[in-house]
Amino acid sequence: MKSLLLELESRAAPDLLTVTIDSHTRLKHFATAEATLARNPGHLNGYPLVAHGWGRGRELNESVKVPLEVRHGSPDARELLAVSLASGIASFEGGGISYNLPYAKDVPLQESLEAWRQVDSLCGVFAEHGVIVDREMFGTLTAVLVPPSISLAISVLEAVLAAREGVRCVSIAYPQGGEALQDIAALHSIPLLAERYLPESVETFSVLHQYMGVFPKGRSVADALILYGGLVGRIGGAAKIITKTNHEAYGIPDTRANVEGMRVTEAACSSFLDFVQVDQERVALERDWILCEVAELVEPLLACDDLVAAICRAFANGSLDVPFSASRHARSAVIPARDTRGAIRYRDCGSLPFSEATRKRQAQSLSGTNSDPDGLKVIESITADINYFAAHDVSKGEPLPQLLQEAS
Amino acid sequence: MTTETRSVILGVAASDAHAVANHLIAGRLRYAGFAVENLGVCTPLEEFAEALERSPHSIAIVIGSLNGHAYEDLRSLPQLRAEGRLDRPVILGGNLSVGSRKSNESLELLRGLGVDVILDDPDKLPFVLDSLCRPQLVDAQ
């Protein structure tokens, strides 16, 4: 990990670097992580920070000049946070919803929300002593066709819970969906949502995750998609962009691919691309729609005395939901679809508490698409929506089995 | 009563957390008129067996495996069958072994475990299940 970070730092000069944690550690199987580290370190799919311990963690942190962020996917990250903080790492991703539903099959939300309350509470104690920990909300969720208002609503709820525990620095991460105006509008919504729902004492940053869905295989198309993500992040005013690589379609990328991803993204942020302009009126309209939908999702819950209990009830009755959940604790009754421009809409709002006006607008936005309201073609069209960018590849029109290998 | 309800038990193999295809296949089967008990991702064979014991009228067990570990995840199938459990056709599909080229050998190993049908295309699933509803079993390919 140290040589990877040093090489990325010297060759791509990013403003910060991330450390991704292996899946044994994510599931708190620390002994397994330690045994694998001793016997077969190549079999770990990330950095076993807890097994290494804070001493080595600190060594890693101090070996690079830029700050590190820990990214993982743990429904319960209390030990990992402790070792991260002891290592001097002050940026920590996750939340009781966003690190549960996409990652665990059967962890009750009550449990993950309580574990993350303790994470936030410890960050609050640090803040009182002048050490500000950046808490990043993983709005990417299941990473496939996530409607912007679901991503942002869940991040808002996690951020409100974090602020109540004393967290003072929040990053709201939003996943690039693929349609520029909608993605820019979502990024523009983040400071407005912070103003509306978070106390003034909390500093909020917006983060763009470059496209997390099925990536094109061809290198040039993959690079173009990375450039596109960089442009969207810049025009949307993202404080941070988490970059992808042109190896995405094939598996865990090597160092060179990571360097290239960062460099292409940096190029997207160059002033010679300043000529790229978007229709600000359309962006403002999209932004207002997103803000309205987020309000309809979160405000009934924020009005409850016990927000954690309200969130748990909402997922149980479907008034909060995520598409394609890995967890049993979300219904996944919501079905997304792309409109003719590629923006992500709701084909089926499930039991989300949307107003008549929102439902009507969603239905209208999908008119003109090939949506077949009652038949088998729903699956085909979702598949095509998932393969939106992969289909731009040399081999046009990925067959379904190909999708099954790639979508996760 | 059981003749009209065509129920299937669906899930993803024990070591595999790929949720998207699982949701799509559940949706496809429901649109095709099947009652689907979807056990979701990371489901050990033991859980499939328990589900079948709860819903004994189910006509088949449909297992997806995308991470290449199908053989390891299905290893206990012969033993469960020897105990008289999972006594229904097991249909398996996905990305069944590690590596981009699939050998007949790895498919033979899976058949050796007792996998009844190996599918290369989830579109064929409703037809295969329809064929199971008829008196005699029809080979998928």
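The values are calculated or read from the model by the stated rules, or taken from the named source; none is laboratory data. Since we're looking at a predicted model, the values are computed, not measured. Note that each Cβ is placed from the backbone with ideal geometry, even for glycine, and that neighbours are counted across all protein chains shown.
Residue-by-condition table, conditions (1) surrounded by 14 or more Cβ atoms within 10 Å (Cβ to Cβ); (2) in a loop (DSSP other than H, G, I, E, B); (3) of a type in the set (Ser, Thr, Tyr):
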| position | (1), (2), (3) |
| --- | --- |
| A:Ala267 | yes, no, no |
| A:Val276 | no, yes, no |
| A:Val294 | yes, no, no |
| A:Val298 | yes, no, no |
| A:Ser325 | yes, yes, yes |
| A:Ala337 | yes, no, no |
| A:Gly342 | yes, yes, no |
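Please work out which residue is farthest from the other protein chains (Cβ to nearest Cβ), limiting yourself to the stretch A:314-330 and to residues that are under 15 Å from A:Val146 (Cβ atoms) and among the polar types (S, T, N, Q).
Step one: of the stretch A:314-330, the residues under 15 Å from A:Val146 (Cβ atoms) are A:320-327, A:330.
Going one step further and asking which of them are among the polar types (S, T, N, Q), we end up with A:325, A:327.
Values: A:Ser325: 6, A:Ser327: 8 Å.
My answer is A:Ser327.
Can you name the number of the only condition in (1) under 11 Å from the mean Cα position of the chain (by Cα); (2) under 27 Å from A:Asn45 (Cα atoms) that B:Thr43 fails?
Just one mismatch for B:Thr43, condition (1).
Take the stretch A:103-161 and flag every residue that is farther than 14 Å from A:Ser74 by Cβ and among the aromatic types (Phe, Trp, Tyr).
Selection gives A:Phe126 alone.
Show the residue pairs meeting these rules: Cβ distance below 7 Å; 6+ apart or different chains; first residue within the stretch B:15-36 and facing chain A (nearest Cβ under 7 Å) and without any contact (Cβ under 8 Å) to a residue 24 or more places away in the chain; second residue surrounded by fewer than 18 Cβ atoms within 10 Å (Cβ to Cβ) and of a type in the set (Gly, Ala, Ser).
What qualifies is B:Tyr31/A:Gly375.
Given the criterion among the charged types (D, E, K, R) and outside any strand (DSSP E or B), identify the matching residue among A:Glu69, A:Glu62.
Details: A:Glu69 fails: outside any strand (DSSP E or B).
Of the residues listed, the single one that is among the charged types (D, E, K, R) and outside any strand (DSSP E or B) is A:Glu62.
Using the structure shown, decide if B:Arg85 is crowded, with 17+ Cβ neighbours inside 10 Å, without any contact (Cβ under 8 Å) to a residue 40 or more places away in the chain and among the basic types (Lys, Arg). Spell out how you get there, then give the answer.
Values: crowded, with 17+ Cβ neighbours inside 10 Å: yes; without any contact (Cβ under 8 Å) to a residue 40 or more places away in the chain: yes; among the basic types (Lys, Arg): yes.
The answer is yes for B:Arg85.
Which one is nearest to A:Ser327 (Cα to Cα), of the residues in the stretch A:97-122 that are touching an Asp or Glu at 6+ places or on another chain (Cβ under 7 Å) and among the hydrophobic types (A, V, I, L, M, F, W, C)?
The extreme case among them is A:Ile97.
Please determine whether any residue of the stretch B:52-73 is in a helix (DSSP H, G or I), within 17 Å of B:Leu129 (Cβ to Cβ), within 15 Å of the chain's Cα centre (by Cα) and more than 14 Å from chain A (Cβ to nearest Cβ). Working first, answer last.
Of the residues in the stretch B:52-73, the ones in a helix (DSSP H, G or I) are B:52-54, B:70-73.
Now drop any that are not within 17 Å of B:Leu129 (Cβ to Cβ), which leaves B:52.
Applying the additional criterion that residues be within 15 Å of the chain's Cα centre (by Cα) yields B:52.
Narrowing the set further to residues that are more than 14 Å from chain A (Cβ to nearest Cβ) leaves B:52.
Within the stretch B:52-73 (the criterion being in a helix (DSSP H, G or I), within 17 Å of B:Leu129 (Cβ to Cβ), within 15 Å of the chain's Cα centre (by Cα) and more than 14 Å from chain A (Cβ to nearest Cβ)), the answer is yes, since at least one residue qualifies.
How many residues does the stretch A:353-371 hold that are closer than 13 Å to A:Cys292 by Cβ, surrounded by 15 or more Cβ atoms within 10 Å (Cβ to Cβ) and out of contact with any strand residue (DSSP E or B) (no Cβ under 6 Å at 6 or more places or on another chain)?
To start, the set of residues in the stretch A:353-371 that are closer than 13 Å to A:Cys292 by Cβ comprises A:353-362.
Add one more test, that the residue is surrounded by 15 or more Cβ atoms within 10 Å (Cβ to Cβ), and what stays is A:353-354, A:358, A:361-362.
Subsequent filtering for residues that are out of contact with any strand residue (DSSP E or B) (no Cβ under 6 Å at 6 or more places or on another chain) retains A:353-354, A:358, A:361.
Selection size over the stretch A:353-371: 4.
Please find, within the stretch B:25-35, the residue that is surrounded by the fewest Cβ atoms within 10 Å (Cβ to Cβ) out of those that are assigned to a helix (DSSP H, G or I) and at pLDDT below 90.
Start the filter on the stretch B:25-35 by keeping residues that are assigned to a helix (DSSP H, G or I), which leaves B:25-31.
Pick out the ones that are also at pLDDT below 90 and you get B:27-28, B:30-31.
Numbers: B:Gly27: 18, B:Arg28: 22, B:Arg30: 12, B:Tyr31: 15.
That would be B:Arg30.
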